[in-house]
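The structure appears right after this line, and notes come after that.
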Amino acid sequence: MVAASKMRKAQQHALAGRPYASLMNKVLVSLQKRTDPTLHPLLEIRPVKKELVLIISTDKGLAGALNTNLFREAANFDQAKTTFVVTGKKARQFVARTKRELLADFELKDAPSFVETKAIAKFCTEKFLNREVDKVSVLFTHFINTINQRATVETLLPISSFDLPKKHEESSQSEEADPMLGYVFEPNAESVLDTVLPYYIQYQVFQTILDARASEHSARMVAMKNATDNANQFIKDLTLEYNKMRQAGITTELLEIATAQMALSR
């Protein structure tokens, strides 16, 4: 019941942020079309000699295979070329247990605010801008629905493309069109891009954390429900077995009494 209560709130927060992210992507697609995106350092693609991976895990267990699937993906990264930033006790324990390089560990509340997650995005961005790492990825559990959650790896930096949702009926010509046609960016598109890109990184981190929290509470609610159902079924099976043994004992006693009476009557 506790997990179900937290699950509803977490799902609402995760789903509520997606329309905002979609609109932000439209703005960034428009800015890309009006500027030279290769000039911005956050968009610079360079050979990957060192990669930073942000792992978003849970602080507690009892969430089914959620963390197991997450760490299975984390194990695929080259240990010699990868360094980790984590949030969640389970991720910290995984990195320590597998003897991987840990740069930072951030502790967050169960329902973190946008301001609390900005430190994580800022840390990752500084490492990329200082050329200490050439790529920043985020590993989290993507929330699909209450039953399905999927361990997902997304590239955070450099920003190579923006997800702009397109309908099937849209033509290729409309796909090439400016999604913010008719809007004017002040003072100019370059200045707006410089301001929006760091905020975009911060919001992407925040949205992935919301997705991870929704996935965590959903997985925990399902795991607890399955555990309760299994315990109830186990109780039924044991009760049935007890009644069978009790009935067999009573029958045996009756047969012994009847046999003794027959022996005495003779």
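Here is a check on your reading of the model: is residue 125 in contact with a Pro (Cβ under 7 Å, 6 or more places away or on another chain) and either polar (S, T, N, Q) or open to solvent by 50 Å² or more (accessible area, probe 1.4 Å) (or both)?
yes
Could you grab me the full set of residues in the range 230-266 that are under 30 Å from residue 65 (Cβ atoms) and open to solvent by 70 Å² or more (accessible area, probe 1.4 Å)?
Correct list: 230, 232, 233, 234, 235, 236, 237, 238.
Restrict the check to the range 85-99 and report whether at least one residue is surrounded by fewer than 18 Cβ atoms within 10 Å (Cβ to Cβ), more than 16 Å from the chain's Cα centre (by Cα) and in a loop (DSSP other than H, G, I, E, B). Give the derivation first.
Keep residues of the range 85-99 that are surrounded by fewer than 18 Cβ atoms within 10 Å (Cβ to Cβ), which gives 89, 93, 96-99.
Right, trim to more than 16 Å from the chain's Cα centre (by Cα) and you get 93, 96-99.
Checking which are in a loop (DSSP other than H, G, I, E, B) leaves us with 98-99.
Among the residues of the range 85-99, at least one is surrounded by fewer than 18 Cβ atoms within 10 Å (Cβ to Cβ), more than 16 Å from the chain's Cα centre (by Cα) and in a loop (DSSP other than H, G, I, E, B), which makes the answer yes.
Checking the condition open to solvent by less than 40 Å² (accessible area, probe 1.4 Å) and either modelled with pLDDT of 80 or more or within 28 Å of the chain's Cα centre (by Cα) (or both), which residue from 158, 198 passes?
Going through 158, 198 in turn, the sole match is 158.
Is it true that residue 130 is over 17 Å from residue 204 (Cα atoms) and open to solvent by less than 70 Å² (accessible area, probe 1.4 Å)?
When the stated conditions are applied, residue 130 does not pass them.
Mind listing whichever residues of the range 100-118 are closer than 18 Å to residue 155 by Cα and either within 16 Å of the chain's Cα centre (by Cα) or open to solvent by less than 60 Å² (accessible area, probe 1.4 Å) (or both)?
Within the range 100-118, just 117 meets the criteria.
Can you spot a residue in the range 230-242 that is touching a helix residue (DSSP H, G or I) at 6+ places or on another chain (Cβ under 9 Å) and under 29 Å from residue 88 (Cα atoms)?
Start the filter on the range 230-242 by keeping residues that are touching a helix residue (DSSP H, G or I) at 6+ places or on another chain (Cβ under 9 Å), which leaves none.
There is no residue in the range 230-242 that is touching a helix residue (DSSP H, G or I) at 6+ places or on another chain (Cβ under 9 Å) and under 29 Å from residue 88 (Cα atoms).
Give the range 16-75 a look and list any residue that's among the acidic types (Asp, Glu), surrounded by 13 or more Cβ atoms within 10 Å (Cβ to Cβ) and either without any contact (Cβ under 8 Å) to a residue 24 or more places away in the chain or in a helix (DSSP H, G or I) (or both), or say none.
Hit for the range 16-75 is 73, nothing else.
Among the residues of the range 138-161 satisfying the criterion of being assigned to a strand (DSSP E or B) and among the hydrophobic types (A, V, I, L, M, F, W, C), which is farthest from residue 29 (Cα to Cα)?
Of the range 138-161, the ones assigned to a strand (DSSP E or B) are 138-143, 149-157.
Right, trim to among the hydrophobic types (A, V, I, L, M, F, W, C) and you get 138-140, 143, 151, 153, 156-157.
On the way: 138: 22, 139: 24, 140: 25, 143: 25, 151: 27, 153: 22, 156: 16, 157: 16 Å.
In this case the residue turns out to be 151.
The values are calculated or read from the model by the stated rules, or taken from the named source; none is laboratory data. If you're wondering where the values come from, they're calculated on a predicted model, not measured in any experiment. With ideal geometry, Cβ positions are generated from the backbone for all residues, glycine too; neighbour counts draw on all protein chains shown. Ligands, DNA and RNA are stripped out before the accessible areas are found, and what is left, the full protein with its side chains, is counted by its heavy atoms. Shrake-Rupley method; radii C 1.70, N 1.55, O 1.52, S 1.80 Å.
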